[in-house]
1. Of all accessible surface on the range 105-158 at a 1.4 Å probe, what whole percent is carbon and sulfur?
2. Residue by residue through the range 141-154, which ³J(HN,Hα) values in whole Hz follow from phi under the Karplus form 6.51 cos²θ - 1.76 cosθ + 1.60 (θ = phi - 60°), with glycine and proline marked x?
3. Just add up the charged neighbours of Val124: K/R +1, D/E -1, any other residue whose Cβ is under 14 Å from the Cβ of Val124.
4. Rolling a 1.4 Å sphere over the protein heavy atoms, what is the accessible area per residue of the range 51-102, to the nearest Å²?
5. Fully extended, how many nm does the chain gain between Ser122 and Arg142 (0.36 nm per residue separation, minus their Cα-Cα distance)?
6. Could you give the length gained by full extension between Ser60 and Phe111, i.e. 0.36 nm per residue of separation minus their alpha carbon distance, to one decimal place?
7. What FRET efficiency do you get for Glu159 and Glu76 if R0 is 22 Å and r is their Cβ-Cβ distance, rounded to the nearest 0.05?
8. Enumerate by residue number the GluC sites (Glu not before Pro) in the range 96-175 meeting two conditions: DSSP loop (anything except H, G, I, E, B), and at most 12 other Cβ atoms within 10 Å of the site's Cβ.
Amino acid sequence: MIPVPASFRYGIPLSDTSDTSLATPPIAARTRATPAPARIVAFCLLPGGPFDTLLDWLASRGAKLTAMPIRSLSLEWFDRYANSFDAALIDADFLGDDGTMIDFGLRLRRFAPYLPIIVLSSRVTRSDYSTERMAICDVTLRTPLTASTLLDALAVAVENHDQWHESRFGRMQSR
């Protein structure tokens, strides 16, 4: 994994990194067998969004994070960069209504067919680790959530994504 200095948040220097009392996720003290992907893109509000703590935790575990403000994302970005990540996190609450979320998920699938996608939303009744929404994402998580839940979801998203990729293209993707 690629280490990210604690003084950086998503590649942006922080002015004060001393306050770690805000909710270090409970998983921080446990060791996990499943490593987080090295490169994660988060489509969300930044900074100051509801997922800052989880993204900080992923960065502390060695993930290289890129946060993209959804509303200013150009189609050119998808062409150039979407395939350079190991996983995507999408803040569906920030994105907008269900139709916008579906369109965004379909677009991301089209431009980045190798990218496992996790949707985070407070509007869903429960987390869904099934492949029911495979056209737009690999896992849907109800927020708020813990780091443990996110780490487990990353592992399931990779498995579900392999199944989606095989059903779509007729072969497993190589990792």
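The values are calculated or read from the model by the stated rules, or taken from the named source; none is laboratory data. Remember, predicted model here, so these are calculated numbers, not experimental data. Neighbour counts are summed over all protein chains in view; Cβ atoms, including those assigned to glycine, are modelled from backbone coordinates with ideal geometry. For the accessible areas, the whole protein counts, side chains as well, though only heavy atoms, and no ligand, DNA or RNA atoms are used. Shrake-Rupley method; radii C 1.70, N 1.55, O 1.52, S 1.80 Å.
1. Of the solvent-accessible surface of the range 105-158, carbon and sulfur hold 54 percent.
2. Going residue by residue, I get 10, 7, 9, x, 9, 9, 5, 4, 4, 5, 5, 4, 5, 4 Hz, with x marking Gly and Pro.
3. Net charge around Val124: -2.
4. Working: 2350 Å² over 52 residues.
It amounts to 45 Å² per residue over the range 51-102.
5. Working: separation 20, 0.36 × 20 = 7.20 nm, distance 0.53 nm.
Result: 6.7 nm gained on full extension.
6. Difference between extended and current length: 15.5 nm.
7. About 0.10, to the nearest 0.05.
8. Glu132
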